[in-house]
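See structure below.
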Amino acid sequence: MTTLAAAREIEHLMTLHPKGFDLSLDRIARLLERLGNPQDRLPPVIHIAGTNGKGSCAAFSRALLEAAGHLVHVHTSPHLVNWHERYRLAAEGGGKLVDDDVFAEAIARVAKANQGQKITVFEILTAVTFILFSEHPAEAAIIEVGLGGRFDATNVISRPAVSVIMPVSMDHEAYLGDRVELIAAEKAGIMKRGCPVVIGAQESETALEVLIETAERLDCPTVVYGQDFLAFEENGRMVYQDEDGLMDLPLPRLPGRHQFANAAAAIAAVKAAGFEISHRAAEKAMTSAAWPARMQKLTQGRLVELAPKGAEIWLDGGHNPGAGVVIAEALAEQEEKNPRPLILISGMINTKDQTGYFSAFKGLARHVYTVPVSKSDAGVPNDELALRATEAGLSAEPVNSVADALMLLRDSWDGPAPRILIGGSLYFAGAVLDENGTPPT
């Protein structure tokens, strides 16, 4: 797939419009009106917000609907390697990433309708989502919030089939507030009066209270993880339970105990949106769901070939303390099943709590190699990131690249084949997939 035409359109837009986010709905509402309000002509929408787990919930929701035979559009952000990853259009046999010519034409049309007025590139690309999803047939659309909820550009959807709030924790404090209840209130902004709401597993009781209070105030039919539905492991299987009974399912393909709650939220969301999910479809979905750079096992590629012989390599784009905890728990589970020394290769950006992320791995990781993030201007210098890891109680050293870290490890390693986690940023994870020659498809 050539990415030249769409990439050229986006690069041109980036020279015209400011980088980053400017949280407001006025500009995108004005633009969508000029485009004929395509957001009002979508199939039933599953709208997903939260700090962590949004992408996994989207992946499970897609897998559930496709296993049940439905045609599904999916919008996620950010992308890892190519912009096209943000737009998966419904197709028989499973959704496909948007074709380059279709994508480029939609970008050009939206940019023309904007008539050069002040706007962010994310808002233009969100309008592209609504154009694409309204003009290609589907029975459902899964739309992930970009940042926050209340003023996110996707929040012009007036009547979602269901609003889903995944785990809320500290992140993007500069935009969303410096207390978890303020962040929860921003995420709750996607709830619409009278429309169903699913609240995923929440670590913070304060966040949960804000979400439930908001849903009650808006008279939303609401189901809450741990109260109205839940999932747990039993005899090497995942059991999902809600008011309709139990489903005995295979363990989710996405590794880590936190994926039980993500999968459960997706089942609850798809049901709340009005779709019937058979036991057979749920079984198929658990074993087919895929979500790149979220505890993704790398088994081949240019970088993999540089690692010590027999090494087990995982890639995860999680980048905040909450994500660090669930990744560390997933790796601790792997350690119980198959003990190996754990090595981290980490790159992070300067808007994240780096020490908080690393703290989750204290006592678990043997050593950290810190590297620059090539795909972001906000990358933390590798020597500074090594200091943050040291502050968290880890042994750390800066190196120039992932390839250098893997070769250094290979040349100096003496002992059982290591388990390697590459991660700390979605930008970083995307660069790794690109360099490895294994971009998402």
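The values are calculated or read from the model by the stated rules, or taken from the named source; none is laboratory data. Nothing here was measured: the structure is a model prediction, and the numbers come from that model. Here Cβ is always computed from backbone atoms with ideal geometry, including for glycine, and neighbour counts include all displayed protein chains.
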Inset, instruction - Please verify whether the range 308-319 includes one or more residues that are without any contact (Cβ under 8 Å) to a residue 12 or more places away in the chain and either in a loop (DSSP other than H, G, I, E, B) or outside the structural domain of residue 236 (by TED's automatic domain parsing) (or both). - result: no
Legend entry - Filter result for the condition that a residue is more than 21 Å from the chain's Cα centre (by Cα) and of a type in the set (Val, Ile, Thr), over 326, 371: 371
Inset, instruction - State whether one or more residues within the range 16-23 are touching a residue at least 40 places away in the same chain (Cβ under 8 Å), touching a Gly at 6+ places or on another chain (Cβ under 8 Å) and part of a loop (DSSP other than H, G, I, E, B). - result: yes
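Residue-wise test of (1) among the charged types (D, E, K, R); (2) under 17 Å from residue 320 (Cα atoms); (3) modelled with pLDDT of 95 or more.
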residue: 373; (1), (2), (3): no, yes, no
residue: 385; (1), (2), (3): no, yes, yes
residue: 397; (1), (2), (3): yes, no, yes
residue: 401; (1), (2), (3): no, no, yes
residue: 408; (1), (2), (3): no, no, yes
residue: 415; (1), (2), (3): no, no, no
residue: 423; (1), (2), (3): no, yes, yes
Inset, instruction - Among the residues of the range 260-289, count how many are part of a loop (DSSP other than H, G, I, E, B) and out of contact with any helix residue (DSSP H, G or I) (no Cβ under 7 Å at 6 or more places or on another chain). - result: 4
Inset, instruction - Can you confirm whether the range 338-348 contains a residue that is assigned to a helix (DSSP H, G or I), surrounded by fewer than 16 Cβ atoms within 10 Å (Cβ to Cβ) and outside the structural domain of residue 50 (by TED's automatic domain parsing)? - result: no
Inset, instruction - Just give me the residues in the range 83-140 being of a type in the set (Phe, Trp, Tyr), outside any helix (DSSP H, G or I) and more than 19 Å from the chain's Cα centre (by Cα), in sequence order. - result: none
Inset, instruction - Please determine, by comparing only the residues of the range 266-293 that are touching a strand residue (DSSP E or B) at 6+ places or on another chain (Cβ under 6 Å) and buried (at least 18 other Cβ atoms within 10 Å of the Cβ), which one is farthest from residue 228 (Cα to Cα). - result: 293
Inset, instruction - Sort out which residues of the range 238-254 are touching a strand residue (DSSP E or B) at 6+ places or on another chain (Cβ under 8 Å) and either surrounded by 13 or more Cβ atoms within 10 Å (Cβ to Cβ) or in a helix (DSSP H, G or I) (or both), and write them in order of number. - result: 238, 239, 240, 241, 242, 247, 248, 249, 250, 251, 252
Inset, instruction - Determine whether residue 58 is buried (at least 19 other Cβ atoms within 10 Å of the Cβ) and either touching a His at 6+ places or on another chain (Cβ under 8 Å) or assigned to a helix (DSSP H, G or I) (or both). - result: yes
Inset, instruction - Using the structure shown, decide if residue 163 is part of a strand (DSSP E or B) and farther than 21 Å from residue 79 by Cα. - result: yes
Legend entry - Residue among 12, 17, 47, 75 that is closer than 24 Å to residue 114 by Cα, assigned by TED's automatic domain parsing to the domain that holds residue 275 and within 21 Å of the chain's Cα centre (by Cα): 75
Inset, instruction - Return the only residue of 165, 157, 199, 212 being crowded, with 17+ Cβ neighbours inside 10 Å and either of a type in the set (D, E, K, R) or free of Cβ contacts under 8 Å to residues at least 24 places away in the same chain (or both). - result: 212
Legend entry - Inter-residue pairs, beta-carbon under 6 Å, first farther than 22 Å from residue 52 by Cα and in the range 276-291, second part of a helix (DSSP H, G or I) and of a type outside the set (Asp, Glu), 6+ apart: 277/64; 277/270; 281/67; 284/67
